[in-house]
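Chemist: Let me give you the structure first, and then I'll get to my questions.
The values are calculated or read from the model by the stated rules, or taken from the named source; none is laboratory data. Computed from a predicted structure; not experimentally measured. Cβ placement follows ideal geometry from the backbone for every residue including glycine, while neighbour counts extend to all protein chains displayed.
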Amino acid sequence: MHVDEATVRRIARLARIKITDEEAKGLEAELSGILDWVEQLKQVDTDAVEPMTRVVGQDLKQRADVVTDGEKAAEIVANAPMADDNFFVVPKVVE
Amino acid sequence: MHDKVAAPSNGNLIPGATGDWEVVIGMEVHAQVNSRAKLFSGAATAFGAEPNAHVSLVDAAMPGMLPVINEECVAQAVRTGLGLKAQINLKSIFDRKNYFYPDLPQGYQISQYKQPIVGEGEIEIEVDGTAKTVGIERLHLEQDAGKSIHDQHPEYSYVDLNRSGVALMEIVSKPDLRSAKEAQAYVTKLRTILRYLGTCDGDMEKGNLRADVNVSVRKPGAPLGTRCEIKNVNSIRFIGQAVDVEARRQIDIIEDGGKIDQETRLFDPGKGETRSMRSKEEAHDYRYFPDPDLLPLEFTEDYVAHLRHDLPELPDEKKARFMAEYGLASYDASVLVAERERADYFQAVAKGRDGKTAANWVINELLGRLNKEGHDIADSPVSADQVGGIVDLIANGTISGKLAKDLFEIVWSEGGDPAEIVETRGMKQVTDTGAIETAVDAVIAANPDKVEQVKAKPSMIGWFVGQVMKASGGKANPQAVNEILKAKLGLE
């Protein structure tokens, strides 16, 4: 399966990863190779096999509906490049 | 040759230059789950906190934080599914829906894609007296995003994550709705059911219930047209307007030879138009995949049965019971069950009394007055006991219907026990025929000329009734007055 350069650029943009023209070329081959390998895996008949979600017999852990966290706005924004009055401040985004 | 157009299935067709059009509507409603803590963290969900006060490190998507699901949110989703008569899936999967936005710190929303917690169900709606069943496609659990505020600074947006991670139920209908009114009836009924269940407060003003409306148009009987999704229409009234405006826009484009682009649009209530939100288009490739931080959500039939057992009586069942038990008309029963508090109030008034009279008083006097004053039934100045007391006084003949309304006004503005008020203010209806006879005799003696006239013109008896009532201060039983007058004047 061949991934062309346009697709590489689209995937990069969706993932917000900046790539150079050279990198794009290299990634074409790399991603195509990965998908070829996946194509190969798809040859195995897995119709009767449940998708594996865990390697040990464990169920989804659940939590009681109790407030145990929060009330630490200053800590939450501590690492933000910009903050004001405990809001995160980001470049303007308007619809 | 005749143009054969399929017979209209209902009266909802919209006329256009090339004939009638049918509008097809499907709804996606986001309902905030009633819970104390968030879906995957222990931060509070309460509305109106200081910026970022209800945020844990999980909600802020700090590295290494892991989601742990809130069991109550799961129970609420199952309860809602049961209330929608829907299939409950004993196993469901959480997926990541990937997109970038400043109010989504994870870079993905945890949602459910291929295997939601609730499958197909249905809601019964009623429009202009006609009942209709609307299919539910699915209900899934997902996280809400944070909130961006754009008016704090000319160059920057401010982000508050208090809502980030709050549990939402996305409830998707089938494209079964055919008019603005049906769309409104659907959301109204859904909200009523959610409130009965206690799984969402349905407060649209606070954004706790938000609707995306999918609209397309077609010639009756034709295949479905291309749809547009109108985002975040935040009141029932706007839902109706948005559907009408969008249907008209699409019909005009098609009739002018154009075609509809599938896109996301925004309803502007001020301008009464929908407009394209092109910026959202590119982001539509969400690249869903199962969230590796979360195992499948699994529970047993017993768990579901336990929740089903504890469900409250829902509006449709309550309406049927009110009609059977109290002999109410369908319309009155619908009005009373529209809100759970209203139904409870009515039941308290009707207990041990005539159901129809109770319904009459709750709907016409109480709800009418509450509406006028902008009160909810929860903060009604008149209690169910007080309305019941008034109904009792009418039933046992102590006061007339007219005086009862005056009494209601006194109770509304001053409070107090109706029976006591009647006693202390001398509002009792006089049924004592002796007292009425005395009053009648006095009126007859004082008006010999009128007595002559009424013999020729029996309809003049009304004047006599009026005089006697006036003399009694409105307290005489009008029927008794009428009978005694007739006898004394020798009429009939």
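Matching residues to (1) of a type outside the set (Ser, Thr, Tyr); (2) within 7 Å of chain B (Cβ to nearest Cβ); (3) buried (at least 17 other Cβ atoms within 10 Å of the Cβ):
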site: A:Met52; (1), (2), (3): yes, no, no
site: A:Gly57; (1), (2), (3): yes, no, no
site: A:Gln62; (1), (2), (3): yes, yes, no
site: A:Asp65; (1), (2), (3): yes, yes, yes
site: A:Thr68; (1), (2), (3): no, yes, no
site: A:Ala73; (1), (2), (3): yes, yes, yes
site: A:Val77; (1), (2), (3): yes, yes, yes
site: A:Asn86; (1), (2), (3): yes, yes, yes
site: A:Lys92; (1), (2), (3): yes, yes, no
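Chemist: May I pose another question? Is segment B:193-205 home to any residue that is without any contact (Cβ under 8 Å) to a residue 24 or more places away in the chain, in contact with a strand residue (DSSP E or B) (Cβ under 8 Å, 6 or more places away or on another chain) and more than 21 Å from B:Val23 (Cβ to Cβ)? Let's see the steps before the verdict.
Modeler: Filtering segment B:193-205 for residues without any contact (Cβ under 8 Å) to a residue 24 or more places away in the chain gives B:203.
Then keep just the ones that are in contact with a strand residue (DSSP E or B) (Cβ under 8 Å, 6 or more places away or on another chain); that gives B:203.
Within this subset, residues satisfying the condition of being more than 21 Å from B:Val23 (Cβ to Cβ) are B:203.
Yes - at least one qualifying residue is present in segment B:193-205.
Chemist: So, in segment B:65-88, exactly how many residues are more than 13 Å from chain A (Cβ to nearest Cβ) and in a loop (DSSP other than H, G, I, E, B)?
Modeler: Counting residues in segment B:65-88 that are more than 13 Å from chain A (Cβ to nearest Cβ) and in a loop (DSSP other than H, G, I, E, B) gives 4.
Chemist: Just for segment B:208-254: of the residues that are among the basic types (Lys, Arg) and within 15 Å of B:Gly26 (Cα to Cα), which one is nearest to the chain's Cα centre (by Cα)?
Modeler: B:Arg210
Chemist: Give the residues of segment B:407-421 that are more than 31 Å from the chain's Cα centre (by Cα) and closer than 22 Å to B:Gly368 by Cβ, sorted by residue number. Explain how you work it out, then say what you get.
Modeler: Quick first cut of segment B:407-421, residues more than 31 Å from the chain's Cα centre (by Cα) only: B:416-421.
Passing the criteria: B:Gly416, B:Pro418, B:Ile421.
Chemist: Identify the residue in segment B:139-159 that is in contact with a Gly (Cβ under 6 Å, 6 or more places away or on another chain) and more than 7 Å from chain A (Cβ to nearest Cβ) and, among all such residues, is farthest from B:Lys97 (Cα to Cα). Working first, answer last.
Modeler: Taking segment B:139-159 as the starting set, the residues that turn out to be in contact with a Gly (Cβ under 6 Å, 6 or more places away or on another chain) are B:139, B:143, B:159.
In the following step, the residues that additionally are more than 7 Å from chain A (Cβ to nearest Cβ) were identified as B:139, B:143.
On the way: B:Leu139: 16, B:Gln143: 10 Å.
Selected residue: B:Leu139.
Chemist: Being within 11 Å of chain B (Cβ to nearest Cβ) and either within 19 Å of the chain's Cα centre (by Cα) or on the phi > 0 side of the Ramachandran plot (or both) is the filter here, so list the residues in segment A:18-50 that pass it.
Modeler: none
Chemist: In addition: With respect to B:Leu197, determine if the residue is modelled with pLDDT of 95 or more and in contact with a Lys or Arg (Cβ under 7 Å, 6 or more places away or on another chain).
Modeler: When the stated conditions are applied, B:Leu197 passes them.
Chemist: Here's a follow-up. Where in segment B:89-208 are there strands (runs of 3 or more DSSP E), lying fully within it, with 2 or more residues that are farther than 22 Å from B:Pro315 by Cβ?
Modeler: B:95-98, B:108-111, B:130-143, B:147-149, B:156-160, B:167-173
Chemist: Right, next: State whether one or more residues within segment B:224-239 are closer than 19 Å to B:Gly19 by Cα, free of Cβ contacts under 8 Å to residues at least 40 places away in the same chain and assigned by TED's automatic domain parsing to the domain that holds B:Ser35.
Modeler: Here is the first cut: in segment B:224-239, the residues closer than 19 Å to B:Gly19 by Cα are B:224-226.
Of the ones still in play, those that are also free of Cβ contacts under 8 Å to residues at least 40 places away in the same chain are B:226.
From the residues that got through so far, the ones that are assigned by TED's automatic domain parsing to the domain that holds B:Ser35 too are B:226.
Scanning segment B:224-239, I find at least one residue that is closer than 19 Å to B:Gly19 by Cα, free of Cβ contacts under 8 Å to residues at least 40 places away in the same chain and assigned by TED's automatic domain parsing to the domain that holds B:Ser35, so the answer is yes.
Chemist: If you scan segment B:235-269, which residues turn out to be in a loop (DSSP other than H, G, I, E, B) and either in contact with a Lys or Arg (Cβ under 6 Å, 6 or more places away or on another chain) or under 23 Å from B:Ala185 (Cα atoms) (or both)?
Modeler: Keep residues of segment B:235-269 that are in a loop (DSSP other than H, G, I, E, B), which gives B:235, B:256-263, B:269.
Listed by number, the residues that qualify are B:Ser235, B:Pro269.
Chemist: From (1) touching a Gly at 6+ places or on another chain (Cβ under 6 Å); (2) part of a loop (DSSP other than H, G, I, E, B), pick out the condition that doesn't hold for B:Met62.
Modeler: With respect to (1) touching a Gly at 6+ places or on another chain (Cβ under 6 Å); (2) part of a loop (DSSP other than H, G, I, E, B), B:Met62 is out only on (1).
Chemist: Counting only residues that are out of contact with any helix residue (DSSP H, G or I) (no Cβ under 7 Å at 6 or more places or on another chain), aliphatic (A, V, I, L, M) and within 30 Å of A:Ile76 (Cβ to Cβ), how many does segment B:131-160 have?
Modeler: 3
Chemist: Do you know which residues across segment B:360-388 are assigned to a helix (DSSP H, G or I), farther than 18 Å from B:Leu407 by Cα and not charged (D, E, K, R)?
Modeler: Once the filter is applied, which keeps residues that are assigned to a helix (DSSP H, G or I), farther than 18 Å from B:Leu407 by Cα and not charged (D, E, K, R), segment B:360-388 yields B:Asn371, B:Ile377, B:Ala378.
Chemist: Do you know which residues across segment B:214-229 are in a loop (DSSP other than H, G, I, E, B) and closer than 15 Å to B:Arg248 by Cα?
Modeler: B:Lys219, B:Gly225, B:Thr226, B:Arg227
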